[in-house]
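This report concerns only the one structure given below.
The values are calculated or read from the model by the stated rules, or taken from the named source; none is laboratory data. Just so it is clear, the structure is predicted and the values come from calculations on it, not from any experiment. Every residue, glycine as well, gets a Cβ built from its backbone with ideal geometry; the counts of neighbours run over all protein chains shown. The accessibility values were calculated without ligands, DNA or RNA, using every heavy atom of the protein model including side chains. Shrake-Rupley method; radii C 1.70, N 1.55, O 1.52, S 1.80 Å.
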Amino acid sequence: RSWNRRRILQRSRFHCGKDELMEKREFVCIGCPLGCNVTVELEGTAIRQISGNTCPRGADYVTKELTDPRRIVTSLVRVHGGVLPVVSVKTPADIPKDKIADCIRELKKIELQAPVHMGEVIAENVCGSGVNVVATRTVL
(Lines give C-alpha, C1' and ligand atoms only; values in the text may rest on other atoms or scores of the structure.)
Protein backbone atom coordinates (compact mmCIF):
# COMPACT_ATOMS: atom_id res chain seq x y z
CA ARG A 1 0.00 0.00 0.00
CA SER A 2 1.46 3.33 -0.98
CA TRP A 3 1.65 6.11 1.56
CA ASN A 4 -0.12 9.37 0.72
CA ARG A 5 0.47 12.43 2.92
CA ARG A 6 -3.00 13.81 2.23
CA ARG A 7 -4.76 10.62 3.15
CA ILE A 8 -6.59 10.14 6.42
CA LEU A 9 -4.32 7.78 8.32
CA GLN A 10 -6.66 6.25 10.81
CA ARG A 11 -10.26 6.31 12.01
CA SER A 12 -11.52 4.86 15.21
CA ARG A 13 -14.87 5.04 17.01
CA PHE A 14 -15.49 4.80 20.73
CA HIS A 15 -18.25 5.50 23.24
CA CYS A 16 -17.93 8.36 25.69
CA GLY A 17 -20.72 7.94 28.22
CA LYS A 18 -24.39 8.74 27.61
CA ASP A 19 -24.35 6.41 24.57
CA GLU A 20 -22.70 9.11 22.45
CA LEU A 21 -20.46 7.89 19.68
CA MET A 22 -17.11 9.66 19.34
CA GLU A 23 -14.91 9.32 16.30
CA LYS A 24 -11.17 9.85 16.32
CA ARG A 25 -9.35 10.61 13.04
CA GLU A 26 -5.69 11.19 12.31
CA PHE A 27 -4.38 13.40 9.50
CA VAL A 28 -0.94 14.33 8.25
CA CYS A 29 -1.03 18.11 7.96
CA ILE A 30 0.15 19.64 4.67
CA GLY A 31 -0.15 23.24 5.87
CA CYS A 32 3.61 23.65 6.37
CA PRO A 33 6.78 21.57 5.81
CA LEU A 34 6.66 19.92 9.26
CA GLY A 35 3.95 17.38 8.32
CA CYS A 36 2.50 17.01 11.84
CA ASN A 37 0.30 14.06 12.78
CA VAL A 38 -2.89 15.82 13.82
CA THR A 39 -5.61 13.99 15.74
CA VAL A 40 -9.19 15.21 15.79
CA GLU A 41 -12.03 13.95 17.98
CA LEU A 42 -15.49 14.26 16.47
CA GLU A 43 -18.83 14.06 18.21
CA GLY A 44 -21.16 13.45 15.30
CA THR A 45 -20.07 16.12 12.81
CA ALA A 46 -18.90 18.56 15.49
CA ILE A 47 -15.18 18.89 16.19
CA ARG A 48 -14.57 18.32 19.90
CA GLN A 49 -10.77 18.51 20.08
CA ILE A 50 -7.77 18.91 17.77
CA SER A 51 -4.32 17.90 18.99
CA GLY A 52 -0.84 17.15 17.65
CA ASN A 53 -0.43 20.29 15.54
CA THR A 54 2.65 22.38 16.28
CA CYS A 55 1.34 25.50 14.53
CA PRO A 56 -2.13 27.02 14.01
CA ARG A 57 -2.11 25.94 10.37
CA GLY A 58 -2.61 22.32 11.45
CA ALA A 59 -5.93 23.06 13.15
CA ASP A 60 -7.01 25.19 10.17
CA TYR A 61 -6.07 22.44 7.70
CA VAL A 62 -7.98 19.72 9.57
CA THR A 63 -11.06 21.92 10.07
CA LYS A 64 -11.09 22.81 6.37
CA GLU A 65 -10.50 19.19 5.34
CA LEU A 66 -13.47 18.01 7.41
CA THR A 67 -15.90 20.78 6.43
CA ASP A 68 -14.95 21.76 2.84
CA PRO A 69 -12.12 19.74 1.26
CA ARG A 70 -10.56 21.58 -1.69
CA ARG A 71 -7.63 20.96 -4.03
CA ILE A 72 -5.60 22.73 -6.70
CA VAL A 73 -5.94 20.90 -10.03
CA THR A 74 -3.02 20.41 -12.42
CA SER A 75 -3.36 18.79 -15.83
CA LEU A 76 -2.39 18.94 -19.52
CA VAL A 77 -4.32 20.36 -22.48
CA ARG A 78 -3.71 19.48 -26.15
CA VAL A 79 -2.01 22.06 -28.38
CA HIS A 80 -2.03 21.96 -32.21
CA GLY A 81 0.76 23.53 -34.24
CA GLY A 82 3.15 24.03 -31.35
CA VAL A 83 6.64 22.74 -30.56
CA LEU A 84 5.00 20.59 -27.85
CA PRO A 85 1.78 18.58 -28.23
CA VAL A 86 0.45 19.68 -24.80
CA VAL A 87 0.65 22.57 -22.36
CA SER A 88 0.59 22.22 -18.58
CA VAL A 89 -2.31 23.97 -16.83
CA LYS A 90 -3.51 24.51 -13.28
CA THR A 91 -6.11 26.27 -11.19
CA PRO A 92 -4.55 29.27 -9.41
CA ALA A 93 -6.84 28.59 -6.42
CA ASP A 94 -8.32 25.42 -4.99
CA ILE A 95 -11.69 24.05 -6.10
CA PRO A 96 -14.10 21.77 -4.21
CA LYS A 97 -12.82 18.20 -4.18
CA ASP A 98 -16.08 16.84 -5.56
CA LYS A 99 -15.67 18.96 -8.74
CA ILE A 100 -12.19 17.70 -9.67
CA ALA A 101 -13.38 14.86 -11.93
CA ASP A 102 -15.75 17.23 -13.77
CA CYS A 103 -12.92 19.75 -14.16
CA ILE A 104 -10.62 17.12 -15.70
CA ARG A 105 -13.38 15.99 -18.09
CA GLU A 106 -13.89 19.61 -19.17
CA LEU A 107 -10.15 20.10 -19.74
CA LYS A 108 -9.98 16.91 -21.80
CA LYS A 109 -12.39 18.45 -24.34
CA ILE A 110 -10.22 21.56 -24.88
CA GLU A 111 -7.82 21.73 -27.85
CA LEU A 112 -5.75 24.89 -28.26
CA GLN A 113 -3.93 26.41 -31.22
CA ALA A 114 -0.33 27.54 -30.68
CA PRO A 115 0.98 29.91 -29.46
CA VAL A 116 -0.17 29.53 -25.85
CA HIS A 117 1.42 31.86 -23.30
CA MET A 118 2.14 31.30 -19.62
CA GLY A 119 -0.66 32.80 -17.50
CA GLU A 120 -3.18 32.69 -20.36
CA VAL A 121 -6.67 31.73 -19.19
CA ILE A 122 -7.56 28.37 -20.74
CA ALA A 123 -10.99 27.92 -19.13
CA GLU A 124 -13.00 30.46 -17.16
CA ASN A 125 -15.05 29.59 -14.09
CA VAL A 126 -14.32 25.89 -14.47
CA CYS A 127 -17.31 23.75 -13.40
CA GLY A 128 -18.98 26.77 -11.81
CA SER A 129 -16.27 26.98 -9.14
CA GLY A 130 -15.42 30.63 -9.76
CA VAL A 131 -11.83 29.60 -10.51
CA ASN A 132 -10.10 29.82 -13.90
CA VAL A 133 -7.62 27.37 -15.40
CA VAL A 134 -4.37 28.96 -16.63
CA ALA A 135 -1.38 27.80 -18.67
CA THR A 136 1.76 27.28 -16.59
CA ARG A 137 4.21 27.47 -19.50
CA THR A 138 4.53 28.96 -22.98
CA VAL A 139 4.17 26.73 -26.03
CA LEU A 140 5.09 28.39 -29.31
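At pLDDT 90 or above and either open to solvent by less than 30 Å² (accessible area, probe 1.4 Å) or not hydrophobic (A, V, I, L, M, F, W, C) (or both): does that describe Val89? Yes. Annotation: of all residues in segment 92-140 being part of a strand (DSSP E or B) and open to solvent by 40 Å² or more (accessible area, probe 1.4 Å), the one that is farthest from Pro69 (Cα to Cα) is Gln113.
For segment 40-60, the criterion of being part of a helix (DSSP H, G or I), more than 19 Å from Gly119 (Cα to Cα) and hydrophobic (A, V, I, L, M, F, W, C) is met by at least one residue.
I'd like the residue in segment 24-77 that is within 19 Å of Val131 (Cβ to Cβ) and among the polar types (S, T, N, Q) and, out of all such residues, is surrounded by the most Cβ atoms within 10 Å (Cβ to Cβ). Among them, the one singled out is Ser75. Filtered by the rule that a residue be in contact (Cβ under 8 Å) with a residue 12 or more places away in the chain and part of a loop (DSSP other than H, G, I, E, B), segment 75-91 gives Gly81, Gly82, Val83, Leu84, Thr91.
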